[in-house]
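J.: Before I ask anything, here is the structure I am working with.
The values are calculated or read from the model by the stated rules, or taken from the named source; none is laboratory data. This structure is a prediction, so every number in the text was calculated from the model and none was measured. As a convention, Cβ positions derive from the backbone with ideal geometry for all residues, glycine included, and neighbour counts pool all protein chains shown. Note: areas computed on protein heavy atoms with side chains; ligands, DNA, RNA excluded. Shrake-Rupley method; radii C 1.70, N 1.55, O 1.52, S 1.80 Å.
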Amino acid sequence: MKSIELDDRMLRILPVGTHAFLHFIDVTLDDPLPVDTEIDYDLRLHATAGNDTTGIADWAPHLVHGWASCPTFVLRARADNILFGSCRKPHHCADDGMARADALVQACIGQPTSRPSMLMLCGDQVYADDVAGPMLAAVHALIARLGLYGETLEGATVADSTELYAHPATYYRRESLLPAFRANEALRERFFGGVKKPIFTTSSAHNHLVTLAEVLAMYLLVWSPTPWALIGEVPMPAIDAEHRDAYRAEARDLTGFRATLPQAARAMAHLPTLMIFDDHDVTDDWNLSARWEEEAYGHPFSRRIVGNALLAYALCQGWGNNADAFVGLRAKARALTSDVDSENRMNGAHQDALIGDLLAFSKWGYVLPTQPKVIVLDTRTQRWRSTRLPSQPSGLMDWESLCELQQALLDEPSAVIVSAAPMFGVKLIETVQRVFTWAGQSLMVDAENWMAHRGAANVMMNIFRHSRTPGNYVVLSGDVHYSFMYDIRIRHRDRGPDVWQITSSGIKNEFPSQLLNWLDRANRWLYARHSPLNWLTKRRHLEIRNRLPDRRQAGERLWNGSGIGQVLLDAQGRPRDVMQHDARGSGTTRFMPQDAETSARVADVSDTARG
């Protein structure tokens, strides 16, 4: 094994607390690593005295399989075997799909060409806006244990982070800590009000993370068992009697989450892992509309909340996707955390200036120069905003970013596009969202889909039809808390392109089963091939057919259950096998094409959007 001594050019250290440091390692090798070969690697730490070193097997044994001395990874020659998924909520009662990803990797150790080429996490890796009471208590215990830096809070009813953590309303009642401005009523509802969404679910935001230290601690606790060992068992804080039963129930669900954290961390240690944000990494409905942005960024407290989550994402997720793009932001973060006062608080003015840079940053999306090329979209920060109707949902990408997408696609034979929200969704749900948007209630139903904004949707369709863009597209998505697959063909075209929408969600989250069954059944009836409603609303240029889950029992087209998705591509970039691996280990669901007889009788979601 070749040994490389990390110098100041390869290793950047960012202090984020008295006893907490982020290490950014970026090593350029003289010779490229071999492809389709298992590669052992280790990170050895020097002892404080002497020349002894300790490796990963010593300081993080959970990252190593029992028979191995260090982790391994494989650089695949082609990006033709991708694990993917989204939506990992720690206190959801479902099992963790990341543990299933670890089992899949373990099954192909010693078979490098069978290893997945990457793990792509499509959004909501953390839930900054939906936090269990016991998780928030663990966050605060870890902040104290590591001495994570505090901050002042302008515009809040508490002066700084210390007052926030000690405030009697900090658990389950953070909505009362928002600034009492009449113009901020809608913002209060979205950030902390727990707004009920009658079509889908209830958003629970009473423990919304606020400070940078809270979000950083959250990342540590959802990705590693080590911080839990540091803090031990955290006692129940002083909370109202009405919330104690909820606290105990959430604690039971978190016990299951903690039990499989070693496997989740080991999966990431053995796979090239990339990520992109969605709304819950920051807050629900993040940048939904121009009006939302005006309210959120127009007040210093709410702007700080969003900015802290975005800074934590940049440090804990974004940097690993494209290190070169974050050099400037990382240097400014280093200056911020080096300027700490006698009370262990960062400089508020410097923090707000850095947040301003983050809100203007335009390199969250990225392109992997693989075969086929993988293009990961930023569908959150460069939106097509409506200036005439600011309350209407924004397009998920603006004109400029869509043009950049088209440039990245030119003359490629095939491509994999990662879009947090599905480009092609369920027609009934999109119609419900459209009705609520028309009534001025887009926030109530998370009206965030590609077809909600006609300009962005039309440009995307034109990109698919362009003669110099790929003949085969695979779109990987998450967000919706159920899984499905569509085969998509442009009508009246002899030579493609062919598009496959593949959605895997959630990793540790599920849609309410009875509601999803009802929506699935109603969608099949209302938008069947010969339905007048379908005829009136269909996208005439597209033909879209459901793939059928092979484990369906009642005609399901939408598959519900936490787990991890996997797609295998052929040499032309077409899906040859698409699977949803159940988190409980109970089986694998495959999405099968409809045969001619079946397609004549089942619902045609083709016309699911797009008309």
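J.: What number, rounded to the nearest 500 deg cm²/dmol, is the helix-based mean residue ellipticity at 222 nm of the chain, given -39500 (n - 2.57) per DSSP H run of at least four residues and division by all its residues?
T.: Value at 222 nm, helices only, nearest 500: -9500 deg cm²/dmol.
J.: Extending each Cα 7 Å along its Cβ direction at residue 554 and residue 4, get the distance between those two points in nm, one decimal.
T.: Label-label distance for residue 554 and residue 4, simple model: 5.4 nm.
J.: Restricting the calculation to Cα positions, tell me the Rg (one decimal) and the Dmax (whole number) of the stretch 1-125 in Å.
T.: Rg, Dmax (Cα atoms, Å): 17.2, 48.
J.: State the antiparallel share, in %, of DSSP beta bridges confined to the chain, rounding to the nearest 5.
T.: Details: 48 of 72 bridges.
Among the beta bridges of the chain, antiparallel pairing accounts for roughly 65 percent.
J.: Ok, one more. First select every other residue whose beta carbon is under 14 angstrom from the beta carbon of residue 233; then total the charges, Lys and Arg +1, Asp and Glu -1. Walk me through the numbers on the way to the answer.
T.: Numbers: positive: 145, 248, 252, 258; negative: none.
That works out to +4.
J.: Holding the Cα-Cα limit at 28 Å, pick out from 2/373; 2/89; 89/363 the pairs that are longer than that. Walk me through the numbers on the way to the answer.
T.: On the way: 2/373 30 Å; 2/89 39 Å; 89/363 26 Å.
Among 2/373; 2/89; 89/363, the Cα-Cα distance tops 28 Å for 2/373; 2/89.
J.: Same structure, new question: Convert each backbone phi in the stretch 321-328 into a coupling constant with the Karplus relation 6.51 cos²θ - 1.76 cosθ + 1.60 (shift: θ = phi - 60°), then list the ³J(HN,Hα) values in order as whole Hz, x for Gly and Pro.
T.: Rounded to whole hertz, the list is 6, 7, 4, 4, 5, 10, 4, x.
J.: Given the options 561, 217, 22, identify the residue whose Cα lies farthest towards the positive end of the charge dipole of the chain (+1 on Cβ of Lys, Arg; -1 on Cβ of Asp, Glu).
T.: Going by the Cα projections, it comes out as 561.
J.: Right, next: Quick one: Cα convex hull volume of the chain, Å³ per residue? Before the final figure, lay out each step's value.
T.: Values: hull volume 96.4 nm³, N = 611.
Normalising the Cα hull of the chain by residue number yields 158 Å³.
J.: The stretch 98-172 to the stretch 4-26: how many Å between their Cα centroids?
T.: Spelled out, the Cα-based centre of one part sits 20 Å from the other.
J.: Taking H placed 1.01 Å from N in the peptide plane, check which residues at least 5 places from residue 498 or on another chain put their amide H under 5 Å from its amide H.
T.: 472, 473
J.: How much length would be gained if the chain were fully extended between residue 332 and residue 39, taking 0.36 nm per residue of separation minus their Cα-Cα distance, in nm to one decimal?
T.: Numbers: separation 293, 0.36 × 293 = 105.48 nm, distance 3.46 nm.
Computed gain between residue 332 and residue 39 is 102.0 nm.
J.: If you put +1 on each Lys and Arg Cβ and -1 on each Asp and Glu Cβ, how big is the dipole of the chain around its Cα centre, in Debye rounded to 20?
T.: Once rounded to the nearest 20, the dipole reads 2180 debye.
J.: Convert each backbone phi in the stretch 395-409 into a coupling constant with the Karplus relation 6.51 cos²θ - 1.76 cosθ + 1.60 (shift: θ = phi - 60°), then list the ³J(HN,Hα) values in order as whole Hz, x for Gly and Pro.
T.: Values per residue, Gly and Pro as x: x, 5, 9, 8, 4, 5, 5, 5, 5, 5, 4, 4, 4, 5, 8 Hz.
J.: Cut-off under 19 Å on the C-alpha distance; same-chain residues fewer than 8 positions from residue 332 excluded. Which aspartates and glutamates are left, in chain and number order?
T.: The qualifying aspartates and glutamates are 8, 26, 151, 324, 341, 352, 357.
J.: Taking the Cα centre of the stretch 65-165 as origin, work out the dipole magnitude from +1 charges on Lys and Arg Cβ and -1 charges on Asp and Glu Cβ, in debye rounded to 20. Let's see the in-between values first.
T.: Details: 7 positive and 11 negative charges, 149 e Å.
In debye, rounded to 20, the stretch 65-165 gives about 720.
J.: Another question, then. With unit charges on the beta carbon (Lys/Arg positive, Asp/Glu negative), name the residue among 325, 527, 408 whose Cα is farthest towards the positive pole of the charge dipole of the chain.
T.: Working it through, the farthest residue towards the positive pole turns out to be 527.
J.: With a 1.4 Å probe and every protein chain kept in, tell me what percent of the accessible surface of the stretch 1-151 is carbon plus sulfur. Walk me through the numbers before you get to the answer.
T.: Numbers: 3600 of 6800 Å².
Roughly 53 percent, rounded to a whole number.
J.: By a straight-distance test (C-alpha under 19 Å), which aspartates and glutamates pair with residue 427 as possible cross-link partners, with residues fewer than eight away in the same chain excluded?
T.: Within reach: 446, 448, 479, 487, 520, 543, 556, 604, 607.
J.: Hey, another quick one. Give the residue from 455, 288, 544 lying farthest towards the positive end of the charge dipole for the chain; charges sit on Cβ (+1 for Lys and Arg, -1 for Asp and Glu) and the dipole is referred to the Cα centre.
T.: 544
J.: Can I ask one more? Provide the per residue accessible area, probe 1.4 Å, for the chain, rounded to a whole number of square angstrom. Write out the running numbers ahead of the final one.
T.: Values: 25420 Å² over 611 residues.
Counting only protein heavy atoms, the per-residue value for the chain is 42 Å².
J.: Per-residue HN-Hα couplings for the stretch 552-569, Karplus 6.51 cos²θ - 1.76 cosθ + 1.60 at θ = phi - 60°, whole Hz, x for Gly and Pro?
T.: Going residue by residue, I get 5, 10, 9, x, 4, 10, 9, 9, 10, x, 5, x, 9, x, 8, 10, 10, 10 Hz, with x marking Gly and Pro.
J.: Working from the alpha-carbon coordinates of the stretch 224-269, get Rg over Rh, Rh being the Kirkwood radius.
T.: Numbers: Rg = 13.2 Å, Rh = 12.2 Å.
That ratio equals 1.09.
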